[in-house]
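Read the structure below first, then the notes.
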Amino acid sequence: MKQTMASRLCAVLLGVTLLTPWFAHAQTVEQDNSFLAMTGDLLIARPLGLLATVAGAAVFLVSLPFTAAGGNVAEAGQTLVVGPAEATFVRCLGCTTGRGQHQAESAN
């Protein structure tokens, strides 16, 4: 029992360590967000995004032998882990536009 808890804790700490560089690249976004949008994002969307990131990481680890054999590890990682992690940790509070979409809009 103690070994499973220790391995779970190790997995969570590894995930947080791997996500740390995204915190440094967070950008400010010019968007007028309402109190309700920010509160809903903080209390509902961010915790669900964290759960989606953890679940996606677990699915990615389980599917890793198969995706490695198929040669699409990068695509699986992007879809299952990076996408939910960016939506959870990089997107501004209350924003509906993701980081990649905002960068594309600001480039135009």
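The values are calculated or read from the model by the stated rules, or taken from the named source; none is laboratory data. None of the values given here were measured: they were computed from a predicted structure. Cβ placement follows ideal geometry from the backbone for every residue including glycine, while neighbour counts extend to all protein chains displayed.
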Failed condition for CYS95, given (1) in contact with a helix residue (DSSP H, G or I) (Cβ under 9 Å, 6 or more places away or on another chain); (2) of a type in the set (A, V, I, L, M, F, W, C); (3) at pLDDT 90 or above:
(3)
A careful count of residues in the stretch 62-86 that are in contact (Cβ under 8 Å) with a residue 40 or more places away in the chain and either loosely packed, with under 13 Cβ neighbours inside 10 Å or farther than 20 Å from LEU9 by Cα (or both) gives 1
Can LEU93 be described as over 18 Å from VAL12 (Cα atoms) and either in contact (Cβ under 8 Å) with a residue 12 or more places away in the chain or part of a helix (DSSP H, G or I) (or both)?
yes
Just checking, does the stretch 58-75 include any residue being charged (D, E, K, R), at pLDDT 90 or above, more than 13 Å from THR88 (Cβ to Cβ) and assigned to a helix (DSSP H, G or I)?
yes
Of the candidates GLU86, GLU105, GLU30, the one satisfying the condition of being assigned to a helix (DSSP H, G or I) and at pLDDT below 65 is GLU105
